[in-house]
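Undergrad: Shown below is the structure under consideration.
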Amino acid sequence: ALYSRLRKMVHRNTINTVKRKLRHMLGDGHIFKESCETDLLRTVVSAVARGKVVLFDIPHASEGEEKLLSVAVARRIFRAYERLKKRAPEEWERLPYVLIAVEEAHRYLSKDALTQHGEVRENIFSVISKRGRKYKVGAMYITQMPGDLMEPVIRQALTKVILPLPTRPDYLKVIQYSPYLEDAEDEIKTLDRGEALIVSPASGLRFAVPVKIFLFEDLARAELARELRLRASARAGARRRVRDEVWAV
């Protein structure tokens with residue numbers, strides 16, 4: 001039917017390929033639906049503009065669904081900030097800075113992802129890495145394979161948190177395109193779990209700073225224990241005050 005509607009000007013194999021790619025990106029309908037009462041992208045942009053943290057927890061999404069959602073959200077946020085700066089700069093000045101965290105960044109910023117028929121092409125994440133800071137939009141690209149990233153992306157990342165990298169091509173790529181790491185190869189190779197180096201010339205750091213990164217679950221448990229101790233102390237104090245008042249009577 002589609003072949004006929006296109007007046008047979010598009011080959012059947014091309015139509016089938018496009019259909020297959022669309023099914024891969026749209027999935028089985030659990031994430032992308034034909035009709036929905038909520039405008040997700042508008043809601044996300046509104047929340048970001050109010051300084052809210054937005055987290056997409058989609059562990060059962062396919063790679064295609066995850067890619068489509070990530071690209072759609074990032075593009076809508078960037079375009080909204082870009083448009084507002086051009087049309088209403090005073091209102092744009094009041095917007096908070098936004099940081100978009102992207103896991104498995106090599107899926108979007110590798111040579112394979114950004115090259116087609118031998119030519120480099122842009123996607124929204126490479127655009128943000130180049131022009132995002134101009135519009136208060138930043139990105140945190142998380143990957144275990146920095147060696148696969150395009151060189152301009154690594155150079156544009158002014159702050160790098162370098163965790164243990166097991167393979168030589170990966171840490172050599174980071175060293176090659178980062179300041180203050182010329183003699184840090186042995187240090188990177190021997191980083192233990194939870195240890196990292198931070199390189200951030202934009203923050204005024206003129207050397208690689210070693211840091212300890214704590215496990216979030218440990219911090220959460222410690223914070224919960226502290227909160228419980230404070231509550232117990234408050235209850236004990238309240239009981240003492242009541243007892244003292246009774247004795248005073």
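Undergrad: Among the residues of the stretch 29-82, what is the count of those that are out of contact with any helix residue (DSSP H, G or I) (no Cβ under 9 Å at 6 or more places or on another chain) and of a type in the set (Val, Ile, Thr)?
TA: 2
Undergrad: Enumerate the strands (runs of 3 or more DSSP E) found wholly within the stretch 143-249, keeping only those where 1 or more residues are more than 27 Å from Ser126 (Cα to Cα).
TA: 195-199, 209-212
Undergrad: When the stretch 1-53 is examined, which residues are found to be touching a residue at least 12 places away in the same chain (Cβ under 8 Å) and among the polar types (S, T, N, Q)?
TA: Matches in the stretch 1-53: none.
Undergrad: Taking the stated definitions as given, is Ser178 closer than 23 Å to Glu104 by Cα, outside the structural domain of Lys130 (by TED's automatic domain parsing), surrounded by 10 or more Cβ atoms within 10 Å (Cβ to Cβ) and touching a Ser or Thr at 6+ places or on another chain (Cβ under 7 Å)? If you could, list the steps in order and put the result at the bottom.
TA: Working: closer than 23 Å to Glu104 by Cα: yes; outside the structural domain of Lys130 (by TED's automatic domain parsing): yes; surrounded by 10 or more Cβ atoms within 10 Å (Cβ to Cβ): yes; touching a Ser or Thr at 6+ places or on another chain (Cβ under 7 Å): no.
Spelling it out, it is not the case that Ser178 is closer than 23 Å to Glu104 by Cα, outside the structural domain of Lys130 (by TED's automatic domain parsing), surrounded by 10 or more Cβ atoms within 10 Å (Cβ to Cβ) and touching a Ser or Thr at 6+ places or on another chain (Cβ under 7 Å).
Undergrad: Then there's this: Looking at the structure I just gave you, is Val48 of a type in the set (A, V, I, L, M, F, W, C), out of contact with any strand residue (DSSP E or B) (no Cβ under 6 Å at 6 or more places or on another chain) and under 21 Å from Tyr141 (Cα atoms)?
TA: no
Every residue, every condition in (1) among the hydrophobic types (A, V, I, L, M, F, W, C); (2) surrounded by 11 or more Cβ atoms within 10 Å (Cβ to Cβ), yes or no:
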residue	(1), (2)
Leu2	yes, yes
Ile15	yes, yes
Leu22	yes, yes
Leu26	yes, yes
Val44	yes, yes
Gly51	no, no
Lys67	no, yes
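Undergrad: If you don't mind, another one. Evaluate the following for Gln156: is it surrounded by fewer than 19 Cβ atoms within 10 Å (Cβ to Cβ), under 24 Å from Thr115 (Cβ atoms) and modelled with pLDDT of 90 or more?
TA: So Gln156 fails the test.
Undergrad: Filter the stretch 81-125 down to residues that are surrounded by 15 or more Cβ atoms within 10 Å (Cβ to Cβ) and β-branched (Val, Ile, Thr) and give me whichever is farthest from Lys136 (Cα to Cα).
TA: Val102
Undergrad: Quick check on the stretch 18-53: of everything there that is within 30 Å of Trp92 (Cα to Cα) and of a type in the set (Asp, Glu), which residue is modelled with the lowest pLDDT?
TA: In this case the residue turns out to be Glu37.
Undergrad: Specify the residue that is surrounded by the fewest Cβ atoms within 10 Å (Cβ to Cβ); the eligible residues are those in the stretch 181-225 that are closer than 14 Å to Ile162 by Cβ and of a type in the set (Gly, Ala, Ser).
TA: Gly194
Undergrad: Name the pairs: first residue in the stretch 166-194 and over 17 Å from Arg155 (Cβ atoms), second residue basic (Lys, Arg), Cβ to Cβ under 7 Å, at least 6 apart or on different chains?
TA: Correct list of pairs: Gly194/Lys212.
The values are calculated or read from the model by the stated rules, or taken from the named source; none is laboratory data. Just so you know, these numbers come straight off a predicted model, no measurement behind them. Here the Cβ is made from the backbone with ideal geometry for all residues, glycine too, and neighbour counts use every protein chain on show.
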